Amino acid sequence: MNRQALSKKVESTDHQLQSVDRGRAEHSERRDADNGDMSRTGKLVISLQDQVGDLVAAVRSLERRIPARLVSVEETAQHLSISVQTVRRWCKAGLLPYVRRGRELRIDLTKVQARGSEEIRRLME
């Protein structure tokens with residue numbers, strides 16, 4: 001996917017978020033009218049929770065649209081601070097998501113990073 005197409009998709013997502021924000025603002029105004037006794041801090045907390053929810057949805061939407069960056073076994077080993085052989089063993093055992101391009105293995109680091117450091121430490125033991 002080229003930069004122009006990605007830029008258009010991001011603009012489209014921004015437009016969708018603006019529409020959602022307007023809808024949330026209207027909903028929030030109605031809720032505020034119903035809860036006239038709610039403190040200002042409480043209202044701010046609710047507003048922030050709504051915004052965080054919108055941002056999470058936007059990020060997930062972008063993650064689905066952006067192609068994965070596939071890296072070599074050597075880059076993965078360096079990134080995880082493990083040996084190349086360990087990366088190959090984990091791929092063979094199905095512990096790391098990979099794609100085979102000819103004879104090369106390519107690993108999707110976004111999925112590896114999603115596992116988290118705790119799980120990687122557990123795998124190393």
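Go through region 85-114 and give me each residue that's among the aliphatic types (A, V, I, L, M) and loosely packed, with under 11 Cβ neighbours inside 10 Å.
Of all residues in region 85-114, those among the aliphatic types (A, V, I, L, M) come to 87, 93, 95-96, 99, 105, 107, 109, 112, 114.
The answer is ALA93, and nothing else.
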Legend entry - Qualifying residue in region 38-47 (condition: more than 24 Å from THR110 (Cβ to Cβ), part of a loop (DSSP other than H, G, I, E, B) and not hydroxyl-bearing (Ser, Thr, Tyr)): yes
Inset, instruction - Test ALA58 against the criterion of being in contact (Cβ under 8 Å) with a residue 40 or more places away in the chain, part of a helix (DSSP H, G or I) and surrounded by 15 or more Cβ atoms within 10 Å (Cβ to Cβ), and give yes or no. - result: yes
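None of the figures in this text is laboratory data; all of them are computed from the coordinates on show. Owing to the predicted nature of the structure, the values given are computational and were not obtained by experimental measurement. Cβ: placed from backbone, ideal geometry, glycine included. Neighbour counts: every protein chain shown.
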